[in-house]
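The values are calculated or read from the model by the stated rules, or taken from the named source; none is laboratory data. Given the structure is predicted, the values throughout are model-derived calculations rather than measurements. Methodologically, a virtual Cβ is constructed for each residue, glycine included, from the backbone with ideal geometry; neighbour enumeration extends over all protein chains shown. To get the accessible areas, we keep the full protein, side chains included, count just its heavy atoms, and leave off ligands, DNA and RNA. Shrake-Rupley method; radii C 1.70, N 1.55, O 1.52, S 1.80 Å.
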Amino acid sequence: MPNPDAVLLRALLVPHEDESGAWPALVWQAGDDWQMISSAVLGGGMGPRAWVLNAQVGHGYTRLDPERHLAEIAQRHGLTGPGVGLMTAARVTEAGFATDGGAEALVTAGIGVSGWAAQPPDAAARPADPGAHAPVRSPDPGADAQSPGGAAFAPGTINIMVAVPVALSPAALVNAVATATEAKVQALRDAGFDASGTPTDAVCVAARAAGEQERFAGPRSAWGSRLARAVHAATVEAALRYRARRLS
């Protein structure tokens with residue numbers, strides 16, 4: 001880290017600790033002049049953001065204040081101003097990176113609990129078999145990312161960070177999130193996982209704040225197509241690394 005091919009997403013690997021032990025995290029100090037849209041627990045929504053943190057935690061993570069926890073990690077590493085904080089139980093050291101025509105994507109993928117987004121409400125959860133192609137069903141723990149018992153719910157999670165070196169209109173930023181999600185699903189199928197994601201996946205799209213705004217970011221637009229290919233390649237890479245470790 002950072003990836004030698006990265007121009008925008010030059011993320012660094014940093015340490016952090018919690019009650020379950022010592023863990024790594026990925027930090028991208030983007031700086032000023034960035035607009036981001038994200039579903040992250042910290043800094044989610046749309047607006048100016050200066051950094052992105054993707055922190056790994058243990059599978060037995062029990063804190064019920066992940067937003068505060070991420071803010072503590074960010075402060076410990078000198079990250080100031082508004083930023084985005086993501087959390088995952090996936091190994092961030094196995095992140096996949098890809099670039100396509102200036103669009104860059106960095107993806108961490110833990111696929112131990114995965115399934116299809118639209119499924120029966122009473123579907124039983126079970127761990128994903130990384131060698132199988134059958135659907136893996138799991139309940140949606142809800143927007144607060146907690147299990148029914150109240151403990152924080154931290155399955156593997158697929159976290160997507162993507163950046164483009166152009167400005168996107170607000171509508172195009174939303175469009176870019178949809179495009180990245182479509183590319184993720186395509187990548188999971190191509191990697192042999194019969195699923196659309198995990199219950200706690202998150203995405204962050206970063207675009208320049210200055211300059212003429214691109215109006216479209218769908219998969220057939222100029223920047224949307226590049227973004228889609230970058231996310232697809234990075235997700236396949238991360239998913240295959242996960243599969244190889246689970247089957248080794």
* Asked: Percent relative contact order of the chain, based on C-alpha pairs within less than 8 angstrom and at least six residues apart?
  -> 22 percent
* Asked: For residue 190, what accessible area in Å² do you get when you roll a 1.4 Å probe over the heavy atoms of the protein chains, rounding to the nearest 10?
  -> 100 Å²
* Structure fact -> Answer in debye to the nearest 20: the dipole magnitude of the chain about its Cα centre, from +1 Lys/Arg and -1 Asp/Glu charges placed on Cβ, is 400 debye
* With the full set of protein chains in place, find how many percent of the accessible area of the stretch 1-117 is carbon and sulfur; take the probe as 1.4 Å. => 53 percent
* Multiply the residue gap between residue 189 and residue 171 by 0.36 nm, knock off their C-alpha separation, and tell me the result in nm, one decimal place. => 3.7 nm
* Asked: How many nm separate the modelled label positions at residue 247 and residue 212, each set 7 Å beyond the Cα in the direction of the Cβ?
  -> 4.8 nm
* To do: Return the tail of the calculated pair distribution for the chain, meaning the percent of Cα-Cα pairs more than 34 Å apart.
  => 10 percent
* Structure fact -> Placing one equal point scatterer on each C-alpha of the stretch 155-248 and summing with Debye, one gets log10 I(q)/I(0) at q = 0.13, 0.16, 0.20, 0.25 Å⁻¹ equal to -0.44, -0.63, -0.89, -1.24
* Asked: Which of 39, 20, 114 moves most in a GNM of the chain, Cα contacts under 10 Å?
  -> 20
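Which whole-number percent gives the relative contact order of the stretch 1-83, counting Cα pairs below 8 Å spaced six or more residues apart?
Normalised by residue count, the contact order of the stretch 1-83 is 24 percent.
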* Per residue, how many Å² of accessible area does the chain show with a 1.4 Å probe? -> 44 Å²
* **Dipole of the chain, positive end: most advanced residue of 62, 27, 186 [Cβ charges, Cα centre]** => 186
* Structure fact -> Listed residues 40, 109, 171; largest mean-square fluctuation, Gaussian network over the chain with Cα springs below 10 Å, found at 171
* Comparing 12, 188, 106, which has the greatest mean-square fluctuation in the GNM of the chain with Cα pairs linked when under 10 Å apart? -> 12
* Roughly how many Å is it from the Cα centre of the stretch 211-227 to that of the stretch 58-92, as a whole number? -> 30 Å
